[in-house]
Amino acid sequence: MLDTRLIQALPQIPAPVLTAYLETNPADPRNLRHPPGYLIWLKSQAKEFEESVPENERKSFREQVQRLEEYLTQYPPRARSLVIFAGPDVWHAFSLHVEAEDELFWGLPSLSQMLWLMDEHRLCGVVLADHSGAQLFHYWMGEITKDHEARVNIDTSEWRRKDLKPPSQPFVEVLRGSHRDAFERRVEAQYASFYSKEADHIRVWADAWKLSAVFLMGPPKLVELVREKLPKSVQGRSLLVEEDVEHLSQAEIQARIESEVHNWERDYQTQLVDQLFNGSDGPPPIFGVDQTLTLLQEGLVRSAVAVSSLEGRVRQCTKCGWTDRTTDSTCPVCGGARLLTDLRAVLPPLVRRYKVPLEVIADELAERLSRAGGIGAWLK
């Protein structure tokens, strides 16, 4: 899983640094050739990009490009994407299980695409329940990681001696009638006790990770039992996948999880856009870059929604950080100098600065929001 603390520390890396986003998906036809398409793109783009690099930094730029080329040749990526931050004393490589767009930067570390990807993919949890116990996973950006495992331990040896009639033949026990029913009830009671304890663990786990959704996967009776034992705060974001996956391989389980998360993501994003346009009981939502930026920086925005392809240029103050689309090179708030930059580069850190959640919507689901300026927000 991505080390978010490391990513947050990347802006502190001294410039200049080479930042490279590469789509390295081995299944992409462009990457099946030799050399692979991402390496061809890197060499071509670096040669063209070098013309914009300051004269006194070009030697260092070429050294970092060569360093990256050698790394890609020696260690061909197997993930869908690769993000590299490389400098004279810096090397950070992130393998991503989601697709990134090819980009190359020189100077300050460029985190804009990474932050957009992080906001576009919501952190989900998966509970695999079966008759052997429970396993808890978190799933984010195409990667699944196990967090917890607990096994059911049901010892029925004492039950047989105390509750069942002696067997009709040596070494044979026949369960029938009321004895069979009693035996099954005691087994069910053991599972209920086990999952009651696990439910409290699931609640703490879901809250600690701030999971957007929790998928309960397993035989119908078991997942319904798990959901029944969960507190309402977790029940409200849990989804049942009533399928016994115990016999599946890890790769098959991950494929099932990816399918379920993909479907949930589409429904979730569709509902977000509908809620934004249909309004709510509180203040009416706002739309468009100008109004959203202004009210965000005035501390009036509760949460925001943006399309993944949001584009535009803004000016940001180098002193106080005030950001808007006006052309004045002097900040209207503090009088500091302002630099022209991409909206995509400044929006993710800006919403984090004001502790406002940003939901990123896939383009195919966001046509309506795109027509309204590509961004909207709910007010406090």
Checklist entry - Do we find a residue being among the β-branched types (V, I, T), within 23 Å of the chain's Cα centre (by Cα) and at negative phi anywhere in segment 292-300? => result no
Of those in segment 305-364 that are assigned to a strand (DSSP E or B) and of a type in the set (S, T, N, Q), the residue nearest to Q271 (Cα to Cα) is T323
- Message: I'd like to know if segment 196-216 contains one or more residues that are of a type in the set (V, I, T) and surrounded by fewer than 19 Cβ atoms within 10 Å (Cβ to Cβ).
- Response: yes
For segment 321-342, pairs from a residue that is free of Cβ contacts under 8 Å to residues at least 24 places away in the same chain and more than 18 Å from D290 (Cβ to Cβ) to a residue that is among the hydroxyl-bearing types (S, T, Y) and part of a loop (DSSP other than H, G, I, E, B), with Cβ under 9 Å and 6 or more apart or across chains, are G336/T318; A337/T318; A337/S329
Given the conditions (1) out of contact with any strand residue (DSSP E or B) (no Cβ under 6 Å at 6 or more places or on another chain); (2) at pLDDT 65 or above; (3) not in a helix (DSSP H, G or I), every one holds for K165 apart from (2)
- Message: Among the residues that make up segment 8-23, is at least one of them among the acidic types (D, E) and free of Cβ contacts under 8 Å to residues at least 40 places away in the same chain?
- Response: no
Counting only residues that are of a type in the set (F, W, Y) and at pLDDT below 95, segment 101-136 contains a total of 1
Output for Cβ contacts, cut-off 6 Å, separation at least six or different chains, first residue of a type in the set (A, V, I, L, M) in segment 217-232, second in a loop (DSSP other than H, G, I, E, B), reads M217/V245
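The values are calculated or read from the model by the stated rules, or taken from the named source; none is laboratory data. Keep in mind that what you see is a predicted model, and the values were worked out from it rather than measured. Using ideal geometry, Cβ is built from the backbone for each residue, glycine included, and neighbour counts are taken over all protein chains shown.
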